[in-house]
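Report on one structure; see the data block that follows.
The values are calculated or read from the model by the stated rules, or taken from the named source; none is laboratory data. On a predicted model such as this, the values are computed, not experimentally measured, just so you know. Glycine gets a Cβ as well: all are built from the backbone with ideal geometry, and neighbour counts include every protein chain shown. Each accessible area value is taken on the protein alone, full model and side chains, heavy atoms only, with ligands, DNA and RNA left out. Shrake-Rupley method; radii C 1.70, N 1.55, O 1.52, S 1.80 Å.
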Amino acid sequence: MAIEPITQVSGTAVPIPGADIDTDRIIPARFMKCVTFDGLGEYAFYDVRFDPVSGEKTQHPLNDENFKGASILVAGINFGCGSSREHAPQSLSKYGFTAIIAESFAEIFYGNSTTLGLPCVSSSQQNIDALKAACSADPSLQVKINLEDMTVTAGALSFSVEMPDSARHALLSGKYDPIKELMDNQDKIEATAASLSYVS
Amino acid sequence: MGKTLYQKVWDAHRVGTLSDGRTQLFIGTHLIHEVTSPQAFGMLRDLGVGVKYPARTFATIDHIVPTENQDQPADPLAAEMIDAIRKNCDDFGVTYFDLKSGKQGIVHIVGPEQGITQPGSTIACGDSHTATHGAFGAIAFGIGTTQVRDVLATQTMAMESLKVRKIEVNGKLRPGVYAKDVTLHIIRLLGAKGGIGYAYEYAGSTFDHFTMEERMTVCNMAIEGGARCGYVNPDQTTFDFLKGRPYAPTGEAWEAAVAEWKSFASDPDAVFDDVVTINAEDIQPSVTWGISPDHGITIGEDIPNPATTKDTEEKAVIEEALAYMKLPAGTPIKGIPIDVAFIGSCTNGRLSDFRETAKFLKGKKVASHVKAIAVPGSQITAIQCEKEGIDKIFEEAGFEWRAAGCSMCLAMNPDKLVGDQICASSSNRNFKGRQGSPIGRTVLMSPVMVAAAAVEGKIADARETFSETFQSVVA
Ligand code: SF4
């Protein structure tokens with residue numbers, strides 16, 4: 001299970017409007033009827049990309065040709081709140097996103113994303129707004145997230161970002177998927193199981 | 001220095017520290033359902049490993065099960081998912097409460113009903129409302145599918161420790177005020193993000209006097225307040241509920257278990273990272289007006305008006321919510337017409353919810369333009385309701401009485417809102433599109449308030465709609 005370390009992510013970015021974007025919005029529940037995650041990408045943000053009544057494409061930034069190929073999502077506060085569905089980060093990852101920059105993230109979403117190797121970094125509203133403005137002004141602007149020094153640079157713009165240490169180390173060391181390490185500790189797992197009366 | 005229940009349970013289940021600094025936490029009880037498990041079993045097959053402790057994993061189906069004809073989903077994808085969980089449980093030796101078992105239901109109702117949910121345990125489930133099980137003094141987390149894989153493969157997962165906020169509610173609730181109002185009140189007070197990074201310990205005399213079902217309703221919505229889990233310390237009410245249930249210990253083991261369970265309760269001198277105190281008398285019947293669970297107001301209040309707030313961010317939030325909800329700013333929420341009434345879900349789909357609502361609904365009629373459905377949270381709940389004639393009371397009032405499942409709480413089965421229908425709902429989320437129509441509207445409230453809205457055809461104060469019954473109950 002060799003996983004490559006993730007030290008930096010770069011690409012063009014697309015700003016998404018609104019706060020408290022919940023996972024129902026990222027991937028509406030009706031698209032969760034699946035036994036694998038393949039194919040979820042095309043349904044990311046479906047109900048805001050297509051008019052619910054007419055089915056026509058909306059003005060949503062993801063429909064904007066200028067942002068075609070963007071691989072970094074820029075969002076507001078409490079991104080990914082609501083349901084714990086991993087289908088949400090999976091659909092973003094399958095859509096082609098490789099990182100998310102937001103004011104803040106909901107906890108379960110954050111954990112799910114990190115495990116997939118989809119870094120989520122946060123910064124102040126001021127910085128996020130500046131980044132959104134810069135990307136809107138020039139959609140071809142290259143945005144770089146450096147996880148080693150925890151900065152985001154985009155043209156003349158540069159600011160520091162945050163992420164919990166554990167997630168950062170996990171990404172930098174290529175251990176963001178903890179399964180191998182979890183499986184390595186069989187003896188300790190069994191000892192813990194034996195100490196719990198309701199398990200043993 | 002004393003410890004909280006959270007710390008004690010955490011310490012008892014700590015396997016070790018991982019290289020990234022997180023804790024490898026043992027998950028004693030793993031609950032799975034059809035939506036978030038098939039991919040995890042797929043990953044397990046890819047890894048070439050089995051389920052580490054199959055006896056500690058329990059499965060049921062709830063999200064996609066049709067509530068009209070449970071075993072005949074018209075949707076081929078739903079049928080495929082049901083087949084997948086059957087096969088996976090079979091292949092890996094996992095206990096599965098199938099439709100024919102008479103024990104199927106919403107996973108968060110089945111666990112307690114079977115006595116699987118126990119104090120001092122760790123519980124995980126690929127569903128954010130797993131916090132429900134905290135009502136028993138368990139530490140219960142909603143997890144993503146990759147973590148479901150981790151728990152299946154190792155019975156452990158990587159976790160960061162949480163802070164603990166004690167939310168103390170003291171006093172007696174006013175008539176017509178229910179556990180649902182308590183949880184909506186807390187979320188309004190602390191915000192939908194207020195609990196991020198925290199476990200919530202619910203305490204105080206109000207919780208001491210609550211039944212297990214009431215405690216479950218509050219813990220269920222800890223996640224709507226941003227908290228990863230919520231719990232109530234185990235006490236005699238907890239033990240009385242569990243005694244005699246299929247998976248509860250028996251005989252000598254029962255006594256030993258109770259003694260151990262008691263030891264997990266927070267110490268009197270436990271130190272909390274934060275404490276919030278609420279007076280039960282300040283809580284009123286509440287409803288939501290917007291698109292986040294913290295958009296709550298009491299039934300006597302007006303819908304917020306963006307024009308009267310100076311905070312630009314708040315203004316934008318209100319404007320967005322009202323534009324979606326199509327509600328008039330600054331006017332009373334009471335009297336807003338509804339199209340659909342839904343009583344059910346893991347928040348309020350238990351026996352006590354139907355019993356209490358039936359008391360008021362008896363002899364009343366649902367307004368002619370309202371589609372009203374009542375969906376018991378489990379087959380056992382359904383059977384008990386039917387024994388007590390509760391189903392008849394609902395049906396005579398004009399409710400459709402359905403079979404167990406998540407139903408209209410989310411949009412994965414045939415029960416969905418159509419167009420911009422507005423639904424008085426006893427569920428837990430009022431997000432845009434949550435109930436199946438991308439422009440459907442949800443107003444959260446207690447089951448008795450849903451019944452009042454159904455009868456009046458508009459958002460109503462149940463204490464007025466059912467004033468006679470309230471008077472006789474209070475007298
Ligand atoms: S009833 Fe609703 S919240 Fe509860 S498990 Fe089902 S879908 Fe989730």
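So that you can scan it fast, the table gives a plain yes or no per residue for (1) of a type in the set (Lys, Arg); (2) assigned to a strand (DSSP E or B); (3) closer than 27 Å to A:Lys188 by Cα; (4) open to solvent by 10 Å² or more (accessible area, probe 1.4 Å):
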residue: B:Asp90; (1), (2), (3), (4): no, no, no, yes
residue: B:Lys103; (1), (2), (3), (4): yes, no, no, yes
residue: B:Pro112; (1), (2), (3), (4): no, no, no, no
residue: B:Gly115; (1), (2), (3), (4): no, no, no, no
residue: B:Gly120; (1), (2), (3), (4): no, no, yes, no
residue: B:Ala124; (1), (2), (3), (4): no, yes, yes, no
residue: B:Gln147; (1), (2), (3), (4): no, no, yes, yes
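Before we move on, is B:Pro73 modelled with pLDDT under 95 and within 14 Å of chain A (Cβ to nearest Cβ)? Criteria met by B:Pro73.
Within segment A:141-156, the set of residues being in contact with a strand residue (DSSP E or B) (Cβ under 6 Å, 6 or more places away or on another chain) and of a type in the set (Gly, Ala, Ser) comprises just one member, A:Ala154.
Listed here are the helices (runs of 4 or more DSSP H) enclosed by segment B:349-451 that have at least 1 residues being away from chain A (no Cβ under 14 Å), closer than 25 Å to B:Val218 by Cβ and under 18 Å from the mean Cα position of the chain (by Cα): B:351-361, B:379-387.
If you go through segment A:12-27 one residue at a time, do you hit one that is farther than 18 Å from A:Lys132 by Cβ, in a strand (DSSP E or B) and away from chain B (no Cβ under 11 Å)? No, segment A:12-27 contains no residue that is farther than 18 Å from A:Lys132 by Cβ, in a strand (DSSP E or B) and away from chain B (no Cβ under 11 Å). For segment A:18-29, a residue qualifies if it is at pLDDT below 90, open to solvent by less than 10 Å² (accessible area, probe 1.4 Å) and among the hydrophobic types (A, V, I, L, M, F, W, C), and exactly one does: A:Ala29. Applying the set (1) open to solvent by less than 10 Å² (accessible area, probe 1.4 Å); (2) under 30 Å from B:Glu201 (Cβ atoms); (3) within 13 Å of chain A (Cβ to nearest Cβ) to B:Ala59 leaves exactly one unmet item: (3). Taking segment A:31-77 as the range and being in a loop (DSSP other than H, G, I, E, B), open to solvent by 60 Å² or more (accessible area, probe 1.4 Å), more than 10 Å from chain B (Cβ to nearest Cβ) and charged (D, E, K, R) as the test, the residues that pass are A:Glu56, A:Lys68.
When B:His108 is tested against (1) assigned to a helix (DSSP H, G or I); (2) within 12 Å of chain A (Cβ to nearest Cβ); (3) within 16 Å of the ligand (Cβ to nearest atom), exactly one condition is not met: (2). Would you confirm, using the coordinates I've provided, whether A:Leu182 is within 13 Å of another protein chain (Cβ to nearest Cβ) and in a helix (DSSP H, G or I)? Judged against the criteria, A:Leu182 is a match. Quick check on B:Ala256: is it within 14 Å of another protein chain (Cβ to nearest Cβ), of a type outside the set (D, E, K, R) and within 16 Å of the ligand (Cβ to nearest atom)? Criteria not met by B:Ala256. Out of (1) under 23 Å from B:Phe466 (Cα atoms); (2) away from the ligand (no atom under 16 Å from the Cβ), the odd one out for B:Gly344 is which? That leaves (2) as the condition not met. Identify all residues within segment A:87-130 that are away from chain B (no Cβ under 12 Å) and outside any helix (DSSP H, G or I); write none if there are none. Of everything in segment A:87-130, those that are away from chain B (no Cβ under 12 Å) and outside any helix (DSSP H, G or I) turn out to be A:Gly96, A:Phe97, A:Thr98, A:Ala99, A:Ile100, A:Ile101, A:Ala102, A:Pro119, A:Cys120, A:Val121, A:Ser123, A:Ser124.
Looking for something within 14 Å of chain B (Cβ to nearest Cβ), among the charged types (D, E, K, R) and either surrounded by fewer than 19 Cβ atoms within 10 Å (Cβ to Cβ) or in contact (Cβ under 8 Å) with a residue 40 or more places away in the chain (or both) - is there at least one such residue anywhere in segment A:134-145? Within segment A:134-145, none of the residues are within 14 Å of chain B (Cβ to nearest Cβ), among the charged types (D, E, K, R) and either surrounded by fewer than 19 Cβ atoms within 10 Å (Cβ to Cβ) or in contact (Cβ under 8 Å) with a residue 40 or more places away in the chain (or both).
Inspection of segment A:7-17 identifies at least one residue that is open to solvent by 10 Å² or more (accessible area, probe 1.4 Å), more than 22 Å from A:Asp64 (Cβ to Cβ) and in contact (Cβ under 8 Å) with a residue 60 or more places away in the chain. Contact list please: Cβ distance under 6 Å, first residue in segment B:204-217 and on the phi > 0 side of the Ramachandran plot, second residue crowded, with 24+ Cβ neighbours inside 10 Å, pairs at least six apart or on different chains. That search, which allows pairs on different chains as well, returns B:Gly204/B:Val169. Please specify each residue of segment B:37-56 satisfying the condition of being aliphatic (A, V, I, L, M), crowded, with 16+ Cβ neighbours inside 10 Å and assigned to a helix (DSSP H, G or I). Correct list: B:Ala40, B:Met43, B:Leu44. Selection of first residues in segment B:277-301 that are under 16 Å from B:Ala453 (Cα atoms) and of second residues that are open to solvent by 10 Å² or more (accessible area, probe 1.4 Å) and among the acidic types (Asp, Glu), restricted to Cβ pairs under 6 Å at least 6 apart or on distinct chains, gives the following pairs, ordered by first then second residue: B:Ile299/B:Asp461.
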